[in-house]
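Working notes for the structure below.
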Amino acid sequence: MSQNAEAFDGPPAPVPRITVQDLSNPPGQSPPSPQPHASACTASEQAAPTVDETSPSSSSSFEIIDMDAVPPAYELVQPHWFYCRRAEAKDSWLPFSREDSQKLEDVYGAGGKEEVVVATEGERYDVKLRERKRYAVYWEQAPSEVRRCTWFYKGDKDSRYMPYPEDFSESLEDAYMIAVTLDEWKRKLEFPTGETVILHNPKLIMQYQPITLQDEWVSSPSEQTRPRTVKRGIENIAVEIPDGEPDTVDHLVFMVHGIGPACDLRFRSIIQCVNDFRSASLSLLNTHFKKAQDEQKIGRVEFLPVNWHNALHGDATGVDEDIQRITLPSISRLRHFTNDTLLDLFFYNSPTYCQTIVDTVSSEVNRLYHLFQQRHPQFTGAVSVAGHSLGSLILFDLLTNQKTSQSDASPQQGTANGDPGPLDFKSLEEALQMMGLEEHLALLKQEQMDLDSLAMCSESDLKDLGIPLGPRKKILSFTRRRRILEECRAGVPLLAPGLQAGREEAGPSGSDPRAAAGHQDFLRALSTTSAVDYEYFDVGIGQVSINYPQLAFQPQAFFAFGSPIGMFLTVRGLKRIDPNYTFPTCKSFYNIYHPFDPVAYRIEPMIVSDAEIEPMLIPHHKGRKRMHLELRESLTRMSTDLKNNFLGSLRTAWQSFSRLPIAALPPVGEAECATTAETPPENTEAGKESVKRKECKPDFWKKILEWPRVINLNYFQVSAGIKAEEAESPQETQSEEQNIRIGMLNGGRRIDYVLQEKPIESFNEYLFAIQSHLCYWESEDTALLLLREIYEKLGVVFEQSQQ
């Protein structure tokens, strides 16, 4: 059964030699000494020892497990493929989906000596089958081990079953096959590594660890060598196998993170958070778009992370070293957190580092977009962008500076179209002269360096050459910008790589405006004292005066999570957004926030300032408002009604009491009050009232006791009717608010959307403030809003979940 393994791994590795002992000998009687030539045998030779079924040792406590009278026939084990994920210095093995595992097994069964690459997990990871490694496609990630698993073990302290290595599993499978075929059990397999596996019966197989030398104070060997439970096949262990993903991608969304390298309270990266968001969207597609899925009208939405933090804090900028030199040594952990996270806000307000951030985001989005098109050539769907916190502000500034056509972008894209620019040097001498580093030319020539080899040098390489820190930073910045320019030329001929002006800039008099602008861009990359120039567009959207590159596509929608866009626009001096303003290339904008998010700000009041409009409440993904919100609204409405009814009842009761014994209250008997009910008001009231009193002969105290009935009949029941009529007003108000036109930033539709807080969050909003800013990655309500807006434009009907 190891032919396929030989085909992939070359010459077969020697099979582990295992010593087989017969456990059926009576206690106290040593087994016969094995002959030298038979002291060890391979797994395929384990049928030699015979088992004495009448041995006293056969009455073991392990036989309490019921066994079939007829030994089962041997069946091949069904393998499943796993991959290893390392987190916090601990390895955990996770299964591929059944579809991906079957693809890997099919390629494995086909054999062949050439390396085969299998795309898995929505083509976000490639598995090199011969190498047994799993590589990320769209982002940088260490390769993880892949294993074809058939046998598993679990210790007392393990929470899940772990797979054995493939060669170990093959040895166990061979021994199991012989034991089943010959119906010989209670066999002890000793491996060269010291492990011992005992096959008591098909349902009870245990592994014992080798006993190592211990100190006296260490626990006893029996405690150290507690057996592991061994299981055969994935169907015999408790493991959750993920569902496969549809091959068809309907929509692509790029997600940009906010400040810092971590995106949630568990300090996970943007990659892990986007993976959770993608998983939530796939689950919602199964529950809210099931009919469309069954009819194969939809596939899935792909979410890809965009990471810019590493580029800002990398060696190319050197900003971390500069900040570290001036950081105080006290409260080091807090200062490190501030330098690594909060300072990103200040970096974005600096023209030097703002240019770096914007260039990184745009180039990474374009790179991911072209790579996605290469791997999905049949993709014809639209593309959207989403940003969290500062990432939403970066996307907002980028989208406000996009060009609607080639003619609009061409005047500022000389270098992108192939014309010479400030970084187009043909020799190393020209580049060093431009940077003012001519004194290092001899050293680089001595090492036979040219422009191409210089671009491949890291900071450590330049340091080994003896180049000081300042020149090193200049060279690294130069090579980085030159590389970005070359990539944009090769991939997107008409896109600005981040060095071209996003709008017209005046150059020095008597010089070429295009060359002057490019020269200014190059100097800006090396400058640390550039002044910030705030400008106002015709519609009043102001940004830092830098060069905004162009995206390779026109986004269909822009989703902002927990966004400070409104605050930044106000700080820039903007008080109002023109209702007619819209992004040049993006026609939809959604500002999504949690009500307790301390970083989020609204957008609609900046467009419609003369009216107070409540934000749109995002429905719960199960199709209802959260219970505590309904209870709160009901109690508020009830208290208002009780207050109004109580005051009205007191007023009515006082008026009725003050008019006694006038017939303001009905008589006790309806037969007695017939005359009273028919009395016309036009007649003389004094005489008529005296007649009524004489005919009805009411008792004064009985009239007093009629108060509650009169009040309930005339006021509380009437108020209940009014309340029932007003019960529809919240829905009507919500519908009316949804139809309000809020400018053109979202095509005339609503912009601000607020999530519903959880019941536990409503107890103390300050306690959950930070968590509320980081909740969007795991929010099913947020994911469902994105899916509804995306598929609404595709004409797919949304189905309400029946949960």
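The values are calculated or read from the model by the stated rules, or taken from the named source; none is laboratory data. Treat the numbers as computed from the prediction; the structure is a model and nothing was measured. All Cβ positions, glycine included, derive from the backbone under ideal geometry; neighbour counts span all protein chains shown. Areas reflect the complete protein model, heavy atoms only, side chains present, ligands, DNA and RNA absent. Shrake-Rupley method; radii C 1.70, N 1.55, O 1.52, S 1.80 Å.
Below are the figures for this structure:
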| quantity | calculated |
| --- | --- |
| Residues of the stretch 76-89 satisfying the condition of being surrounded by 13 or more Cβ atoms within 10 Å (Cβ to Cβ) and either free of Cβ contacts under 8 Å to residues at least 12 places away in the same chain or in a loop (DSSP other than H, G, I, E, B) (or both) | 77, 79 |
| Subset of the stretch 561-591 (residues that are outside any loop (DSSP other than H, G, I, E, B), of a type in the set (S, T, N, Q) and in contact (Cβ under 8 Å) with a residue 40 or more places away in the chain) | 591 |
| Test: residue in the stretch 562-583 that is in contact with an Asp or Glu (Cβ under 8 Å, 6 or more places away or on another chain) and surrounded by 17 or more Cβ atoms within 10 Å (Cβ to Cβ) | yes |
| Single match in 344, 397 (criterion: acidic (Asp, Glu), open to solvent by less than 10 Å² (accessible area, probe 1.4 Å) and closer than 18 Å to residue 552 by Cα) | 397 |
| The stretch 773-803, residues that are among the hydroxyl-bearing types (Ser, Thr, Tyr) and modelled with pLDDT under 90 | 801 |
| Top-ranked residue in the stretch 321-341 [being surrounded by 15 or more Cβ atoms within 10 Å (Cβ to Cβ) and charged (D, E, K, R); ranked as farthest from residue 140 (Cα to Cα)] | 335 |
| Hey, residue 555 modelled with pLDDT of 90 or more, part of a loop (DSSP other than H, G, I, E, B) and either touching a Leu at 6+ places or on another chain (Cβ under 7 Å) or open to solvent by less than 40 Å² (accessible area, probe 1.4 Å) (or both) or not | yes |
| Of all residues in the stretch 235-245 being closer than 25 Å to residue 275 by Cα and touching a strand residue (DSSP E or B) at 6+ places or on another chain (Cβ under 9 Å), the one that is surrounded by the most Cβ atoms within 10 Å (Cβ to Cβ) | 245 |
| Hey, residue 304 under 23 Å from residue 253 (Cβ atoms), part of a helix (DSSP H, G or I) and either in contact (Cβ under 8 Å) with a residue 60 or more places away in the chain or open to solvent by 40 Å² or more (accessible area, probe 1.4 Å) (or both) or not | no |
| Selection within the stretch 106-123 - surrounded by fewer than 19 Cβ atoms within 10 Å (Cβ to Cβ) and among the charged types (D, E, K, R) | 106, 113, 114, 115, 123 |
| Total residues in the stretch 127-136, condition closer than 21 Å to residue 165 by Cα and either assigned to a helix (DSSP H, G or I) or not basic (Lys, Arg) (or both) | 4 |
| Criterion: over 27 Å from residue 276 (Cα atoms), assigned to a helix (DSSP H, G or I) and free of Cβ contacts under 8 Å to residues at least 24 places away in the same chain - qualifying residue of 334, 328 | 334 |
| Matching residues, the stretch 138-149, being part of a loop (DSSP other than H, G, I, E, B) and either open to solvent by 50 Å² or more (accessible area, probe 1.4 Å) or at positive phi (or both) | 140, 141, 142, 143 |
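So that you can scan it fast, the table gives a plain yes or no per residue for (1) closer than 20 Å to residue 228 by Cβ; (2) open to solvent by less than 30 Å² (accessible area, probe 1.4 Å); (3) modelled with pLDDT of 90 or more; (4) not aromatic (Phe, Trp, Tyr):
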position	(1), (2), (3), (4)
70	no, no, no, yes
74	no, no, no, no
93	yes, yes, yes, no
104	no, yes, yes, yes
151	yes, yes, yes, no
